[in-house]
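All of the numbers you see were taken from the coordinates with simple rules; none came from a lab. Just so we're clear, the structure is a prediction, and the values are computed from it rather than from any experiment. When we count neighbours, we look across all protein chains shown, and the Cβ atoms used for this are built from the backbone with ideal geometry, even at glycine.
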Amino acid sequence: MTQPPHPSRCASHLLPRGEKDGIDRRALLAAPLAVGTLAGCDRLAVAEPTPPTVPPLKSIAPFPIGTAVMAGHFDDPAWVALARAQVNQLTPEWEMKMEYILQSLDRLTFDAPDRIAAACEREGVRLHGHALIWYSQGEQAFSGFDRTHFGRAFDRYIAEVAGRYRGKLVSWDVVNEPIAEDGNGLRDSHWSRNLGDDGYMIRAFEQAKLADPEAVLFVNDYNLENNPVKGTTFLRTVERLLKAGAPIGGLGTQSHLDIEIPAGQISRFMRDLGSFGLPVHMSELDASLRRERGGDFRSRAQRLEQQRARVVELAEAFMALPERQRFAFTIWGLRDSDSWLRRDNRDDGKDQPLLFDDAGRAKPLTAAVAEVFGRG
Ligand code: 9MR
């Protein structure tokens, strides 16, 4: 998605600069689950009725449950307690991207991603790497090269980053968001202009495979179920890349859901996605209650019902995949207040796109998803 804003004032303590190393285990054990340190920031949050009792998602789901993490989250005892209870896989929300790591081609910064990797190891949770090559990043650092040098620098970046985390993570988003916004064809980017439309992707997968042969290598994109044209282009692209020999090991569908899409659209796309026989990562689920454009006269109850219906359809479609293809089900944040959608100036502080409320409590939506996972 195009450059969303960075964490707002409320979330700024989560940024990695100057944070202390490691998790303070005693502080964590003493921390009450329901006390959200961010709750006080969210003056406009709407109080929900008594939260339902829902078993921890990771305890009932027959596949890993993931969430997005920033290094600073490890300093937030409420976040850590909730993550410990609910998830067994983490995806760095932005600190494993070029945006953080690539200060310049001669200077890579690894403190925050190293901290996340160390925490995953300590806590015994899986780490999913995100993301090596993304159209929206790295343009400046990679400018001014001829094609040969561009290619060498590209290979070196992947070798250094994927090589550093070899054996520490289970998977990488190697190519993120290659499909054009409207779904017609591929995105134009500094990568495609220098290394070819399919060429940069094939090369990225080959280099990642060399650097970390064990990691499952994903191509990952969004709006695939929201926009069937984009979904189809993604599937055709995967087909073409596999035919060309790219070592793609898994398919990621971000699922930043549009809750107004017709029933059945998500299941149809997930069936097609599953037809490759590759592992599928439902990689960044959130479901905004807001409509991007135009007037919106839906009541809050209508929006919550649309959200429940589409998220349940997604969970059911994921459950319908063969067991060996269910790589992980990742929610793009734990508490509503953790969501990137709440850092947006347009937000009125009332959006509830995630599975836990601002205080880390389960919602009726959580119960609905847990019920689907509990079916077996
Ligand atoms: O949620 C992420 C936000 O904190 C970052 O500022 C932003 C840019 O790095 O990326 C957001 O995550 C995006 C993800 O990496 C790729 N798919 C869309 C996500 C939401 O924009």
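General observations
- A crude spin-label estimate for the pair A85 and D114, with each label 7 Å from Cα along the Cβ direction, gives 3.4 nm.
- Highest-MSF residue in the chain out of P262, P364, P247 [GNM, Cα springs under 10 Å]: P262
- Under 13 Å, Cβ to Cβ, from W191 - net charge with Lys/Arg +1 and Asp/Glu -1: -2
- Based on the reciprocal of the average 1/r between different C-alpha atoms, the Kirkwood radius for the stretch 114-269 equals 16.4 Å.
- Over the residues of the chain, the helix contribution to mean residue ellipticity at 222 nm works out to -10500 deg cm²/dmol, using -39500 (n - 2.57) for each DSSP H run of at least 4.
- Cα gyration tensor of the stretch 283-371 - equivalent ellipsoid semi-axes, whole Å, descending: 24, 15, 13
- Scaling the Cα radius of gyration of the stretch 228-342 by the globular reference 2.2 N^0.38 Å produces a ratio of 1.15.
- Theoretical gain in end-to-end length, L242 to A159 [0.36 nm per residue, Cα-Cα removed]: 27.7 nm
- Relative contact order %, the chain, counting alpha carbon pairs below 8 Å whose residues are six or more apart: 20 percent
- Percentage of interatomic Cα-Cα distances in the chain larger than 38 Å: 14 percent
- Were the residues from S275 through T50 laid out at 0.36 nm apart, the gain over their Cα-Cα distance would be 76.9 nm.
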